[in-house]
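The values are calculated or read from the model by the stated rules, or taken from the named source; none is laboratory data. Since the structure is predicted, the reported quantities are computational estimates derived from the model, not experimental observations. Note: ideal-geometry Cβ built from the backbone for every residue, glycine included; neighbour counts use all protein chains shown. Calculation scope for accessible area: heavy atoms of the full protein, side chains included, ligands and nucleic acids excluded. Shrake-Rupley method; radii C 1.70, N 1.55, O 1.52, S 1.80 Å.
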Amino acid sequence: MRTKTKLMLSLTTVSLVLGFMVSLGYRQNRVASSLGVLVTGSSAVNKQLTQRLTALKESNQEADQQLAAVTEEINQFEEKSAGSSQALKNLQTRLTAERILAGITPVHGPGISLTMTDGGSNGSDVEQILTHDWNVRSVVNELFTAGAEAVTINDYRVVATSAVECQGPVVSVNGHRLGAPFQIEAIGDPTTLKSALDIPGGILDALRQQGLQVSEPQIETDIDMPAYTNALEATGTN
Amino acid sequence: MIWLPVLGLVVGVALGLVTNVTIPVAFSSYLSIAILAALDTVFGGIRASLEKSFDSPVFLTGFFTNTLVAALLAYIGNQLGVDLYLAAVVAFGVRLFQNIAAIRRNVFLLLRQRKIEREVAARQVQP
C-alpha cells in the first residue's frame with residue numbers, strides 16, 4: 001500500500017472516532033446544561049448550587065422584609081379606621097394583644113436572654129452533652145409557663161404552632177435548621193422569668209447537671225423580636 | 001482522496017448524534033479531555049504528513065493511547081484530589097497550537113515550492 005493511501009485511511013479512521021466523541025460530548029453537555037448542571041467537574045456543580053442557594057436566601061430575606069412592611073401598614077390602617085369610637089378602640093387594643101400572643105407582629109420590651117450550647121466532652125457520653133431539641137423545648141416551655149409573652153430561639157419567634165424538633169445533627173425551629181449555641185430570649189416580667197429559670201433544682205440546674213453549658217439568664221431592658229413569618233393556617237385539621 | 005477524512009468526520013458526528021449512547025455525567029469531564037487529546041493527535045498526524053514523516057502505526061496507536069491515557073490521568077487526578085486534568089489541558093492545548101502553526105508554515109512552504117516549480121517549468125517551455 002502506498003503511504004498516501006495509508007495516511008488517508010488512518011486519518012479517516014481517526015476522524016470517524018473523533019467525530020463520534022465530539023458529538024457525544026456535545027450532546028452530553030447540552031443535556032447537562034438543560035438540567036442546570038455544568039459538567040466541568042464536581043466543584044463547578046457545587047459552585048452553581050451554592051450560587052443558587054445564595055440567590056434564594058436573598059430573595060427570601062427580601063420577601064420577609066416586604067412582609068414586615070406590609071404588616072406594619074395594615075396596623076396603621078387599622079389604627080386609623082378605629083377613629084374615635086370607644087368600642088372600636090377597645091377592640092383594636094384587644095386585637096393588638098392577641099396579635100402579640102399569636103406572634104404575628106414584631107414586638108419589643110423588657111425580658112431575659114440566655115445562651116445554651118453543647119458541653120465539652122470529658123469522657124462522658126456524647127449523647128449527654130449535646131443540646132437536644134427537648135432541652136431547648138423544656139426551657140421554652142418553662143418560660144411560657146412563667147408568663148413570657150414572646151419567645152425567640154436564635155431570632156426565630158416561637159408561637160403556638162411552632163415546632164422545636166430534632167433533625168439529625170441540628171434542631172429545627174419553625175422549619176429553620178439551627179445549631180448550637182441557642183440564644184433564647186423572652187419578653188415578660190424579667191424578675192419572674194429569671195427566678196423561674198434560676199430556681200434551685202429547676203430546669204437550668206437539670207441541664208447543667210446533664211453537661212450542657214447554660215449561661216446565667218441576663219435581664220434585658222429592651223429586646224427586639226421579629227414577627228413569626230411562616231404560615232399560620234392550620235392545614236391538617238378541620 | 002482528501003475528502004475521505006472529512007467524510008469520516010461527518011459520519012462520526014452523525015453516528016454520535018443519532019445513536020443513543022450516553023456516558024455517566026461523572027465521566028463527561030474525562031470525555032472532554034479525551035477529545036482534546038484526540039484533536040491534538042489528529043493535528044499532529046496532519047503535520048507529520050506534511051513533513052513527510054508520517055507513520056501509520058505510530059499515528060493510530062498514538063491516537064488511541066493518548067486519548068485513553070489523558071482520560072485515565074484526569075480520573076486518577078480526580079481520585080487523588082489533584083486537578084491533573086489541568087496538566088492535560090495545558091499540555092495538549094500548547095501542542096495543539098504548535099501543531100497548527102507548523103501546519104500553516106508547511107502549507108505556505110509547499111505553495112511557494114510549487115510556484116517556483118511552475119515558473120521553472122514555464123521558462124523551460126518558452127525557448
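The set of residues from region A:21-35 being at pLDDT below 80 and in contact with a Leu (Cβ under 9 Å, 6 or more places away or on another chain) comprises A:Gln28, A:Asn29, A:Ala32. What residue, among those in region B:27-63 that are open to solvent by 70 Å² or more (accessible area, probe 1.4 Å) and more than 12 Å from the chain's Cα centre (by Cα), is farthest from B:Asn99 (Cα to Cα)? In this case the residue turns out to be B:Phe27. Being crowded, with 17+ Cβ neighbours inside 10 Å and at the interface with another protein chain (Cβ under 9 Å from one of its Cβ atoms): is that true of B:Leu17 here? No; evaluated as a whole, the condition is false for this residue. If you filter region A:146-179 down to residues that are among the charged types (D, E, K, R) and farther than 12 Å from A:Val136 by Cβ, you find that the one that is most open to solvent (accessible area, probe 1.4 Å) is A:Arg177.
So is B:Leu86 modelled with pLDDT under 85 and either surrounded by fewer than 18 Cβ atoms within 10 Å (Cβ to Cβ) or out of contact with any helix residue (DSSP H, G or I) (no Cβ under 6 Å at 6 or more places or on another chain) (or both) or not? Spelling it out, B:Leu86 is indeed modelled with pLDDT under 85 and either surrounded by fewer than 18 Cβ atoms within 10 Å (Cβ to Cβ) or out of contact with any helix residue (DSSP H, G or I) (no Cβ under 6 Å at 6 or more places or on another chain) (or both).
When you go through B:Val18, B:Val69, B:Val11, B:Val58 one by one, which is the residue that is within 14 Å of A:Leu18 (Cα to Cα) and among the β-branched types (Val, Ile, Thr)?
Numbers: B:Val18 fails: within 14 Å of A:Leu18 (Cα to Cα); B:Val69 fails: within 14 Å of A:Leu18 (Cα to Cα); B:Val58 fails: within 14 Å of A:Leu18 (Cα to Cα).
Sole residue among the options that is within 14 Å of A:Leu18 (Cα to Cα) and among the β-branched types (Val, Ile, Thr): B:Val11.
Of these, B:Leu15, B:Leu60, B:Leu96, which one is part of a helix (DSSP H, G or I) and either small (Gly, Ala, Ser) or touching a residue at least 40 places away in the same chain (Cβ under 8 Å) (or both)? It is B:Leu96.
Does A:Arg99 satisfy the criteria of being of a type outside the set (Asp, Glu), out of contact with any Asp or Glu (no Cβ under 7 Å at 6 or more places or on another chain), closer than 13 Å to A:Glu149 by Cβ and in a helix (DSSP H, G or I)?
Yes: the conditions hold for A:Arg99.
For B:Ala74, only one of the following conditions fails: (1) part of a helix (DSSP H, G or I); (2) open to solvent by 30 Å² or more (accessible area, probe 1.4 Å); (3) more than 9 Å from chain A (Cβ to nearest Cβ). What is its number? With (1) part of a helix (DSSP H, G or I); (2) open to solvent by 30 Å² or more (accessible area, probe 1.4 Å); (3) more than 9 Å from chain A (Cβ to nearest Cβ) applied to B:Ala74, the lone miss is (2). Inside region B:92-127, residues that are more than 16 Å from the chain's Cα centre (by Cα) and either among the small types (Gly, Ala, Ser) or under 24 Å from B:Thr65 (Cα atoms) (or both) make up a count of 2. All conditions in (1) of a type in the set (Gly, Ala, Ser); (2) within 14 Å of chain A (Cβ to nearest Cβ); (3) within 20 Å of A:Val14 (Cβ to Cβ); (4) open to solvent by less than 50 Å² (accessible area, probe 1.4 Å) hold for B:Gly93, with the sole exception of (2).
Of everything listed in (1) open to solvent by 20 Å² or more (accessible area, probe 1.4 Å); (2) over 13 Å from the mean Cα position of the chain (by Cα); (3) not hydrophobic (A, V, I, L, M, F, W, C), the single unmet condition for B:Asn66 is (2).
Does B:Ile76 satisfy the criteria of being modelled with pLDDT of 85 or more, over 21 Å from the mean Cα position of the chain (by Cα) and under 30 Å from B:Ile35 (Cβ atoms)? Yes, satisfied. Mind listing whichever residues of region A:9-33 are open to solvent by less than 60 Å² (accessible area, probe 1.4 Å) and within 16 Å of B:Gly62 (Cα to Cα)? Matches in region A:9-33: A:Ser10, A:Leu11, A:Thr12, A:Val14, A:Ser15, A:Val17, A:Leu18.
If we scan region A:81-96, do we find a residue that is modelled with pLDDT under 85, within 12 Å of another protein chain (Cβ to nearest Cβ) and either within 28 Å of B:Val10 (Cα to Cα) or exposed (fewer than 12 other Cβ atoms within 10 Å of the Cβ) (or both)? No. The single condition among (1) of a type in the set (Phe, Trp, Tyr); (2) over 15 Å from A:Leu18 (Cβ atoms); (3) more than 9 Å from every other protein chain (Cβ to nearest Cβ) that B:Phe43 does not satisfy is (2). For region B:24-38, filtered to residues that are hydrophobic (A, V, I, L, M, F, W, C) and more than 7 Å from chain A (Cβ to nearest Cβ), the residue that is nearest to B:Ala71 (Cα to Cα) is B:Ile33. Taking the numbered list (1) open to solvent by 80 Å² or more (accessible area, probe 1.4 Å); (2) in a loop (DSSP other than H, G, I, E, B) in turn, A:Thr229 passes all entries but (1).
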